[in-house]
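The structure appears right after this line, and notes come after that.
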Amino acid sequence: APFPVRRGDRIAQLVFGRVEAVEWEEVADVGETGRGEGGFGSTGRS
């Protein structure tokens, strides 16, 4: 279906975000974390 666009219509958004250059380091094992088995974002609280 046609979608008319007229002068002055607001049809898009633009978001600026920082792009960081990183250097990756490959490891054989990441070991234990302070998070334990709680999972991503876990606070340990119920």
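Every number here is computed from the coordinates shown, using simple stated rules; none is lab data. Because the structure is a prediction, the values reported are computed rather than measured. Positions of Cβ are generated from backbone atoms using ideal geometry, with glycine treated the same way; all protein chains shown enter the neighbour counts.
Give me the one-decimal nm value for the distance between modelled label points at Ala21 and Phe3, 7 Å along each residue's Cα-to-Cβ direction.
Each label point is offset 7 Å from its Cα along the Cβ direction, giving 3.7 nm.
How much length would be gained if the chain were fully extended between Asp29 and Ile11, taking 0.36 nm per residue of separation minus their Cα-Cα distance, in nm to one decimal?
1.7 nm
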